[in-house]
1. Separation between the residue B:103 and residue A:129 pseudo-spin-labels, each 7 Å from Cα along Cα→Cβ, expressed in nm?
2. In debye to the nearest 20, how big a dipole does chain B give about its Cα centre with +1 on each Lys and Arg Cβ and -1 on each Asp and Glu Cβ?
3. Describe numerically, in nm with one decimal, the distance between label points set 7 Å from Cα along Cα→Cβ at residue B:56 and at residue A:27.
4. Using 7 Å Cα-to-Cβ label points, what is the residue B:85/residue A:76 separation (nm, one decimal)?
5. If we count every other residue with Cβ under 11 angstrom of residue B:35's Cβ, Lys/Arg +1 and Asp/Glu -1, where does the sum land?
6. For chain B, what value does the Rg/Rh ratio take when both radii are computed over Cα atoms and Rh is the Kirkwood radius, given to two decimals?
7. Post the alpha-carbon centroid distance, the stretch A:37-51 to the stretch B:1-54, in whole angstrom.
8. FRET efficiency for residue A:17 and residue A:103, Cβ-Cβ distance as r, R0 = 22 Å, nearest 0.05?
Amino acid sequence: MTGSTIVFVILALLAISSAILVILSPDPVHSALWLILNLVCLGVMYYGLDAPFLMAAQLIVYAGAIVVLFLFVVMVLNARGEDVWARQIPWLRSVGLVVALALFGGLWWAVKSAPTAAIPTAPDNVRVVGTVAGVGELLYSDYLLPFEATSVLLLAALVGALYLGRNEARRRGEPVSPAAVAGTESEVERG
Amino acid sequence: MAEGVPVHYYTALSAVLFTIGVIGVLRRSNALVMYMSIELMLNAVNLSLVAFSKQHRALDGQVMVFFVMTVAAAEVAVGLGLIVAIFRRRHETVDVDSLNTMKW
C-alpha cells in the first residue's frame with residue numbers, strides 16, 4: 001500500500017460519501033455544499049493524475065462558478081424541501097433504483113474486463129504532465145475547430161440564459177417589486 | 001507521486017460516482033438536486049477521461065475534459081434559466097412531479 005494509493009483511497013471515500021450526501025440531503029443548499037466537496041476531491045485527484053491545469057479549471061469553473069450558480073438559483077427560488085406529491089406510479093422509483101444498480105453492474109463488468117496495467121511512472125518513463133502549455137498546445141493545433149466551436153456555444157448559452165431570465169413585467173414597463181423576481185407576484189405569475 | 005495508482009481504481013471510482021448520479025436523477029424530484037446529480041455524472045466521466053489520458057501518456061483526454069467542462073458550464077447556465085422560467089411562469093415549485101399538464 002504505497003503512499004499515493006492511501007491518498008487515493010482517502011480521496012475516493014471522501015468523494016463517494018459526499019456524492020451520496022448530495023443525493024440524500026433534503027435541503028438543496030446542503031446538496032450543493034456536498035457537491036463542492038466532491039468536486040474538490042476530484043480536483044485533487046486530477047493533480048495526482050498529472051493534470052494541474054484541469055485541477056485549477058475544476059476548482060475555478062466547477063466548484064467556483066457552476067455550484068455558485070446553483071446556490072444562487074436555490075436561494076432565489078427558495079427551493080427547500082420536496083413537496084409530497086401523489087406519485088402516479090408508486091413503484092416506479094424502485095424500478096429506477098434497480099435500473100441504476102443494473103447500470104452499475106454493467107459498468108463494473110466493463111472495469112473488470114479492461115486491461116489492468118498499472119500506470120507506468122518509473123523514473124525513466126516519459127511523463128506527460130498536463131500543464132497550461134501542454135494542454136494549450138493541443139488545444140490550438142489538433143483541437144482548434146472544437147475550441148472555436150465552443151466559443152459559439154458559449155455565446156448561444158449566454159443569449160439563451162438572458163432570454164430565459166428576462167423579466168416580463170419590466171419589459172412591459174410596469175413597476176417591478178423584488179418579489180416579482182422570484183415569481184411570487186401575481187401579475188408575473190399570470191404574465 | 002512516486003508510484004502509480006492502477007487505472008482501474010479510477011475507472012471503478014468513476015463507475016460508482018456515475019451510478020450515484022443516476023440514482024440521484026431517478027429518485028429525487030427536486031429539479032435542482034436532479035441537476036446536481038447530472039453534474040456528478042459529468043464529473044465521474046471527467047475522472048475516467050483524465051485517468052485514461054495518464055494511462056496513454058497523452059494529453060488528448062485532458063483536452064476532452066476541458067471541452068466537457070465548457071459544455072457543462074454553458075448547459076448549467078441555460079438549464080438553470082429554464083428552471084427559473086418554469087418556476088416563475090406557472091408553478092411556484094421546482095418539484096418535477098408537479099409538471100404533469102402534458103400527461104395523458
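Throughout, read-outs are computed from the coordinates displayed, never taken from laboratory work. Keep in mind that what you see is a predicted model, and the values were worked out from it rather than measured. Virtual Cβ from ideal backbone geometry, glycine too; neighbours counted across all protein chains shown.
1. Inter-label distance under the simple model: 5.7 nm.
2. Working: 8 positive and 7 negative charges, 49 e Å.
Dipole magnitude for chain B comes out near 240 debye.
3. Using points 7 Å along Cα→Cβ, the separation is 4.4 nm.
4. 1.3 nm
5. On the way: positive: B:28; negative: B:39, B:75.
It works out to a net charge of -1.
6. So for chain B, dividing Rg by the Kirkwood Rh gives 1.12.
7. Measuring centre to centre over Cα atoms gives 12 Å.
8. 0.60
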